[in-house]
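Everything on this sheet refers to the single structure shown next.
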Amino acid sequence: MIQKSRRLFWTVQLLVPFLVLLFFAWLDGPYLGPDSYSYIDMALHREPAYPFFLYLFRRMCSPDSWMYWVIAVQAFITAYANYSIIRFLVLRLKLSGRMGTLLSCMMLVFSLLTRYLAKRHVLYSNSILSEALAIPLFILFIRYLTGFLYRECFEEKKRPFPGGDFICSCLLCVILMSIRKQMIFVIALLLAASVFVWLAKKRPVIVLQTFLSVMVIYALTAGIDLVYNQVFHGSPMRNSSGASFLLAMVIYTAEREDADRIADEEIKDLFLQIYDDCAAAECLKANAEDGRLNGADHFAAHYNHIQVDRLRPIVSSYVEQNYPGTAVDQNVKSGEIMSEMTTALLPACLPSMIDSFLDNFLFGLVTTVTKTTPLLIAAAAVLYAGYLFLLLRLALLRSNPRLLIFSLIILLSILVNVAVVSAVIFCQSRYTIYNMALFYVSGLLMLTDAVSGIVGRRSGEKTAPFGTAA
């Protein structure tokens, strides 16, 4: 009977969120944003995994229904990822069934937040955007990475080779990096986890295994790019729009006289054309108000004008006029021109870019946990302070090492993700939301552990959070 009730409990934890997300998929239908068409059209600058995912549905389903099948599958993947990490935490941390239900509801609520609080008013799982896959797959990555750490740190029997959790983490790294290059930050988390095992358990072989695995991850990611572009674009090439992202930051922070650093006169004139257009529209850093968050807000408000409206069209037009050839050849040439601008201008712009990076980093910390209104910015500061306090308590008491490791992973993930995004683009919620639900889940678990510890000390016995362990 106990086994049947447990199976029923976990079946409900999976099916109810899935049915809720499926209801909203039926109610709202697919959401097509400005970026959606570049994924559908398999644009050259898009990473291959999500366009190929959409391509499969276009081939398998009718023209009128394929998007509905996409969002239904995305709803299931989202529900499964949420279910998977909550079940993992309940079993490994020995949480109660009521706590498991509460955490499942929290994950579902955060999935629904974008429909009611964000400007889009739609779920990510209903969107034809790469985040619809990247967010749940990242949650699965955190689940398996945590499982790898638990195995290495708490299981007495040590195996010579990495287990299933480590292998799944590596495979998810490949998929995530093939969905969005921003997700390169998962490599940093994988390396950090292996270094932690090395230092905590004196197992340097783990670091060697991880470095070899990272090499394989990069090789597989490159191979996917090459095969995808050969099949769909007729030429084996890497997918990377990184040149335009970084150059947009360079243009934002540059001075007009920095153009003299560009040796090629035609490319110099091209840069000045872009720069003068941006200056006329007051899109440059010199036009921002004083203050860290004001600077980040100004950059976010004008980034698309710099990169999407001016930089890419002007460079593409120049290449089309002066370098006739295939779309692939012109894309490569555009990247070369942008890289040449960046290489020439970066040394002069670097100090100002670091200052803007700090603006963006603070902005990104806020957008990870809430919206950027004056009241909620103050609330974000309180939330982070509370999180750090609870984390320090766990570290000092050493009462719940598994929860400590999970909470450290989430904090490190936030810092690394925000740092990566801040370096090349602005920190809108779409790029920082990956850790939002996990931050609150981890915070609630640490708070509950602290409360149960206080209650246990007063009553003379340790109490399980929210009742009997599931």
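Quick one: how many residues across the range 92-113 are in a helix (DSSP H, G or I), among the polar types (S, T, N, Q) and farther than 18 Å from residue 137 by Cα?
1
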Task: Scope the range 1-39; condition more than 26 Å from residue 106 (Cα to Cα) and either of a type in the set (D, E, K, R) or crowded, with 18+ Cβ neighbours inside 10 Å (or both); matching residues - done: 35, 39
TODO: Identify the single condition in (1) buried (at least 17 other Cβ atoms within 10 Å of the Cβ); (2) part of a helix (DSSP H, G or I) that residue 167 does not satisfy, given that it satisfies every other one.
DONE: (1)
Task: Hey, residue 350 under 18 Å from residue 428 (Cα atoms) and either touching a residue at least 24 places away in the same chain (Cβ under 8 Å) or of a type in the set (A, V, I, L, M) (or both) or not - done: no
Open item on the list: For the range 362-379, give me the residue count where each residue is free of Cβ contacts under 8 Å to residues at least 60 places away in the same chain and aromatic (Phe, Trp, Tyr).
Closed with: 0
Open item on the list: Every residue in the range 303-333 that is free of Cβ contacts under 8 Å to residues at least 24 places away in the same chain and among the hydroxyl-bearing types (Ser, Thr, Tyr), please.
Closed with: 316, 317, 323
Task: Boolean, residue 290 is crowded, with 20+ Cβ neighbours inside 10 Å and charged (D, E, K, R) - done: no
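All of the numbers you see were taken from the coordinates with simple rules; none came from a lab. All values reported here derive from a predicted model rather than from experimental measurement. Please note: Cβ atoms are built from the backbone with ideal geometry, for glycine as well, and neighbour counts cover all protein chains shown.
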